[in-house]
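Notes follow once the structure below has been shown.
The numbers here are math on the coordinates, done by the rules we state, and not lab data. Bear in mind that the values here come from a model prediction, so they are computed numbers and not experimental data. We place every Cβ from the backbone using ideal geometry, glycine too, and count neighbours over all the protein chains shown.
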Amino acid sequence: MPNFRMGWLPDRPDFRDYSPEKIIENSKNKERIRLEKEILLHRRLQTEVQDNSHVDLREWCSPIEEQGNLKSCTAIAGVALVEYFERKVRGEYIDASSLFLYKVARKLMKLTGDSGVSTRFTMKAMALFGIPPEEYWPYEIENFDEEPPAFCYAYAQNYQAIQYFRLDLPQLSKEQALVKIKDVLAAGIPAMFGFTTYSSLLNKKTVKTGKIPYPSIGEKMLGGHAVVAVGYDDNKSIDHANYKSINDSDENFPTQGALLIRNCWGEDWGEDGYGWLPYEYVLQGLATDWWSLLKNEWIDERQFGLIAKDGVFLNGSPDRNSQGDPNEHTQEKDPQPLIKISRKNQG
């Protein structure tokens, strides 16, 4: 069995954390403030003419990474987010250094050694220090605690416009958080998060299929692991040995509905490096720390739907987040549809 490392450090929610709605609310543009009333990120669209039961963003993802013997999963997930946006907007991306991000995130947390990091500080480190290309600070595990060359920090200016936001805000119920997560994914925006892992994660069936079962009573807890959600499927069912902890029954009922995740354990794991995590992980509080990011130039390319009107996601361009003051930005009068939802079953 390969040595699958983890490294996610859970983070406590902060009432000051920004949501995607808050980013748009801060805009000075009157038209977007009006349109904000129509934002449907906080609830799913459910009408007779819509079927949004399946979302898959894998086609815009960069190649799967292999974490190796290092607790760098959170940094790898952060880099995967940036590479996704760059590839979707421009059709290409610069392979960014996850080893650099792992180092500077630990510096912000005042941690040394192979400690792992939280998703929040990974986002903060990205916005503050940027990420140099992989070629300048390659993923050589023996150098994980070395200080990168000074010029690697020169890429910070390319990331100053990044706006990061939390999806599972403390005022939301777990059911509301799941709805918000799925809405953001439906708008073409992946999110990184961490989840508590159990021994069934490492069994041969899970490694082969990528279908992570809800933990059974008596399973050993292994730690925390960070991944990127890149879709979901309401019809995906995953078997597990004992469902008693959530339905008070000893029968082997499968969980219904799962998030499509991008892992960092190489392409031999799961579906070419991707897997499925049951919704129950969110609903039972085992998958938390949901974060994503946006950048003005990405949104201006009109690739992501943040506002919905008449069943079609429309463009709403946030200006800045809690890291700075909002700036004036002009929105087109007649935005074009970005993502249209059809009744056809995509699963």
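Here the Karplus relation 6.51 cos²θ - 1.76 cosθ + 1.60, evaluated at θ = phi - 60°, turns the backbone of the stretch 65-71 into coupling constants of 9, 10, 5, x, 8, 8, 8 Hz, with x for every Gly and Pro. Site pair E271 and S173 shows an inter-label distance of 3.0 nm when each label is modelled 7 Å from Cα along Cα→Cβ.
Shape class for the stretch 125-228, computed from the alpha carbon gyration tensor (a ≥ b ≥ c): oblate, with a/c not under 1.5 and a/b at or below b/c.
Mind giving me the nanometre distance, one decimal, between the label points for L222 and E59, set 7 Å out from Cα along Cα→Cβ? If labels sit at L222 and E59, their model points lie 3.2 nm apart. Along the Cα→Cβ direction, 7 angstrom out, place labels at S115 and N158. What is the inter-label distance in nm? Once both label points are built, they end up 2.8 nm from each other. Taking the average, over residues, of other Cβ atoms within 10 Å as the packing measure, peptides 209-219, 177-187 rank 177-187, 209-219 from highest down. Residues whose amide H lies under 5 Å from that of V230, counting only those 5 or more places away or on a different chain, are L260, I261, R262; hydrogens are built 1.01 Å from N in the peptide plane. Taking amide hydrogens as placed 1.01 Å from N in the peptide plane, the amide H of Q67 sits under 5 Å from those of W265, G266, each at least 5 positions away in sequence or on another chain.
If you take every residue apart from Q256 with its C-beta less than 12 Å away from the C-beta of Q256, what net charge results, scoring Lys and Arg +1 and Asp and Glu -1? Each step should come with its number before you reach the end.
Working: positive: K236; negative: D233, D234, D239, E280.
Its environment carries a net charge of -3.
Using 0.36 nm per residue and subtracting the Cα-Cα separation, the extra length available between Q284 and E142 on full extension is 47.4 nm. Sequence-ordered 3J(HN,Hα) estimates for the stretch 78-91 from the Karplus curve with 6.51, -1.76 and 1.60 and θ = phi - 60° stand at x, 5, 4, 4, 4, 5, 4, 4, 4, 5, 5, 7, 10, x Hz, glycine and proline given as x. Phi-derived couplings, Karplus 6.51 cos²θ - 1.76 cosθ + 1.60 at θ = phi - 60°, listed residue by residue for the stretch 277-291: 10, x, 3, 4, 4, 6, 5, 9, x, 9, 10, 9, 6, 8, 9 Hz, with x used for Gly and Pro.
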